[in-house]
1. For residues that are in a helix (DSSP H, G or I) and free of Cβ contacts under 8 Å to residues at least 60 places away in the same chain, scanning just the stretch 98-110, find the one that is nearest to ligand 2 (Cβ to nearest atom).
2. Restricted to the stretch 73-97, and to residues that are more than 11 Å from ligand 2 (Cβ to nearest atom) and in contact with a Phe, Trp or Tyr (Cβ under 8 Å, 6 or more places away or on another chain), which residue is farthest from Leu172 (Cα to Cα)?
3. Regarding Asp70, is this residue loosely packed, with under 13 Cβ neighbours inside 10 Å, within 11 Å of ligand 2 (Cβ to nearest atom) and in a helix (DSSP H, G or I)?
4. Which condition number does Val95 fail, the rest of (1) among the β-branched types (Val, Ile, Thr); (2) within 22 Å of Arg193 (Cα to Cα); (3) within 16 Å of ligand 1 (Cβ to nearest atom) being met?
5. In the stretch 105-135, what count of residues is obtained for those that are more than 25 Å from Ser152 (Cα to Cα) and modelled with pLDDT under 95?
6. Of everything in the stretch 164-183 that's among the β-branched types (Val, Ile, Thr) and either within 29 Å of Arg40 (Cα to Cα) or surrounded by 18 or more Cβ atoms within 10 Å (Cβ to Cβ) (or both), which residue is farthest from the chain's Cα centre (by Cα)?
7. Suppose we filter the stretch 77-115 for residues that are charged (D, E, K, R) and out of contact with any Gly (no Cβ under 9 Å at 6 or more places or on another chain); how many remain?
8. Could you go through the stretch 178-186 and let me know if any residue there is out of contact with any Lys or Arg (no Cβ under 8 Å at 6 or more places or on another chain), free of Cβ contacts under 8 Å to residues at least 40 places away in the same chain, within 26 Å of Asn2 (Cβ to Cβ) and more than 15 Å from ligand 2 (Cβ to nearest atom).
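The values are calculated or read from the model by the stated rules, or taken from the named source; none is laboratory data. No experiment lies behind these values; they were computed from the predicted model shown. Glycine also receives a Cβ, built like all others from the backbone with ideal geometry; neighbour counts cover every protein chain displayed.
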Amino acid sequence: MNLILLGAPGAGKGTQGKNLSEKFRIPQISTGDILRANVRSKTSLGLKAKEYMDKGALVPDDIVVGMVSDRITQEDCTNGFILDGFPRNINQAEVLKNTLEGMGMKIDHVIGIDVERKELVRRLSGRRVCRKCGASYHVIFNPPVNIGICDSCGSEIYQRDDDKEDTIEARLKVYEQETFPLIEYYTKKDLYRSVNGIGTVDQITKTIVDIIEKGNSNT
Ligand code: ADP
Ligand code: AMP
């Protein structure tokens, strides 16, 4: 099963992607995580991407599209994958469609996680992430047991630079202008289902699983 998780920054794509990856035993592919790993290890791709990420802008399509095309041809994607943070605009969606068609594959479901703007800002500004395993926490909604330490791997937890106030605003604007049109794009293809992103993490996972397994909609 090939799944896309859509939603604004902070909607819970990473959080839900992790649960769905465990449930369906397929990898979660977060373009944000791959880009941040490249920034950390100072690859040429990472150095190029950083200037866009720091501003909250989208990294150019040719960089991101190449990265995803490489990733989905890896062996662990044979039974499917969960795209988290990709596609982010219509061009990326079109390239993805053509790439998958060339491989005899297609997208099966596009799940949009709906969260109002005020809550997105609350979630992004309180988000903390593990430097090593990428586990996501929230200072109020989902704090780690020991402050600053990851529950899963014991590494340091930090605040992403782009989760600071000014960059949050820029990223939400980019979402509205560039990513939001994908809802109509995938609705026309009859692939899109939206879920209410307010509720406990497990409740939302269950709603998504129901949609995937039974075709239930929660719009
Ligand atoms: P995205 O990947 O869409 O940017 P994340 O999954 O990283 O979003 O979630 C953003 C923040 O919101 C994180 O701090 C996470 O712990 C928190 N969060 C995720 N899902 C929920 C939820 N259902 N209720 C409250 N907080 C949540
Ligand atoms: P995320 O972790 O999904 O919030 O992404 C963090 C940042 O990485 C974004 O603000 C963009 O700069 C960049 N990024 C992630 N995914 C994409 C994508 N599909 N296209 C372009 N830029 C991306």
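1. Within the stretch 98-110, the subset in a helix (DSSP H, G or I) is 98-102.
Narrowing the set further to residues that are free of Cβ contacts under 8 Å to residues at least 60 places away in the same chain leaves 98-99, 101-102.
On the way: Asn98: 16, Thr99: 14, Glu101: 19, Gly102: 19 Å.
Here the answer is Thr99.
2. As a first pass, look at the stretch 73-97 and keep what is more than 11 Å from ligand 2 (Cβ to nearest atom): 73-82, 90, 94, 97.
In the following step, the residues that additionally are in contact with a Phe, Trp or Tyr (Cβ under 8 Å, 6 or more places away or on another chain) were identified as 80, 82, 90.
Details: Gly80: 29, Ile82: 22, Ile90: 17 Å.
Looking at the filtered set, the residue picked out is Gly80.
3. Working: loosely packed, with under 13 Cβ neighbours inside 10 Å: yes; within 11 Å of ligand 2 (Cβ to nearest atom): no; in a helix (DSSP H, G or I): yes.
Criteria not met by Asp70.
4. Of the numbered conditions (1) among the β-branched types (Val, Ile, Thr); (2) within 22 Å of Arg193 (Cα to Cα); (3) within 16 Å of ligand 1 (Cβ to nearest atom), the odd one out for Val95 is (3).
5. 0
6. Initially, the stretch 164-183 is screened for residues among the β-branched types (Val, Ile, Thr), giving 167-168, 174, 179, 183.
Checking which are either within 29 Å of Arg40 (Cα to Cα) or surrounded by 18 or more Cβ atoms within 10 Å (Cβ to Cβ) (or both) leaves us with 167-168, 174, 179.
On the way: Thr167: 17, Ile168: 15, Val174: 15, Thr179: 12 Å.
Here the answer is Thr167.
7. First, the residues of the stretch 77-115 that are charged (D, E, K, R): 84, 88, 94, 97, 101, 106, 108, 114.
Remaining after also requiring out of contact with any Gly (no Cβ under 9 Å at 6 or more places or on another chain): 88, 94, 97, 101, 106.
Selection size over the stretch 77-115: 5.
8. yes
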